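The values are calculated or read from the model by the stated rules, or taken from the named source; none is laboratory data. As the structure is a prediction and not an experimental result, all values here were calculated from the model. Here the Cβ is made from the backbone with ideal geometry for all residues, glycine too, and neighbour counts use every protein chain on show. Ligands, DNA and RNA are excluded from the accessible area calculation, which covers all protein heavy atoms including side chains. Shrake-Rupley method; radii C 1.70, N 1.55, O 1.52, S 1.80 Å.
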Amino acid sequence: MEKNKLIFVPAIILIVFGAIGTISNTIGVFNAGSLLRTLQSLMSYASMDVDVDSILTMLKVAAVIGIIDSLIYLIAGIMGVKYAAVPEKAGVCFKWGLVMVAMCVVNFIFTLISNNKLSALYESIGQTSTSGMGSAIVGLAIGLILPVLYILGAKQNMSANSGETSDFNA
């Protein structure tokens, strides 16, 4: 069987994004402390009372979620490249696609929580936050593009494996 392009193409992109994300988020975990110490110094210089510890925790949680998300992208991408032409393994790709969708939802929820905390920080220093529900929804929609394509490709391969025909042939 020929490689299913709805799995194979997103899988290549997932590998690239997964590798870059794993590296950058790992660096982010180690740099969060120094970034917050700088912020704390600036805030104390400006006589502002900001809960730096909660911001540091939020940054570290974001980086850890990012690492997990990136590793899932990397693994799903490798599985997609490996099994794009193997209909018998379509279930494996389908499950990884569902895991990616679940991580998109986790990222969406974390974005809403962190936007709320950051809005409070902005208000405490007399500024207005520009991030909100709209940006979180756009991020969710964009984040779902590759996983949905990947799942559609897996469904095609599942249909090919069971002898059915699919309307989504790539």
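Would you be able to tell me the number of residues in the range 95-114 that are open to solvent by less than 50 Å² (accessible area, probe 1.4 Å) and either touching an Asp or Glu at 6+ places or on another chain (Cβ under 8 Å) or touching a residue at least 40 places away in the same chain (Cβ under 8 Å) (or both)?
8
Residue under question is SER159, and the condition is that it be at pLDDT 75 or above and touching a Ser or Thr at 6+ places or on another chain (Cβ under 7 Å); does it hold?
So SER159 fits the description; yes.
For the range 42-64, name all the residues that are at pLDDT 65 or above and either open to solvent by 30 Å² or more (accessible area, probe 1.4 Å) or in contact with a Cys (Cβ under 8 Å, 6 or more places away or on another chain) (or both).
Within the range 42-64, LEU42, SER44, ASP51, ASP53, SER54, LEU56, THR57, LEU59, LYS60, VAL61, ALA62, VAL64 qualify.
Kindly list the number of the only condition in (1) at pLDDT 85 or above; (2) open to solvent by 60 Å² or more (accessible area, probe 1.4 Å) that fails for ILE67.
(2)
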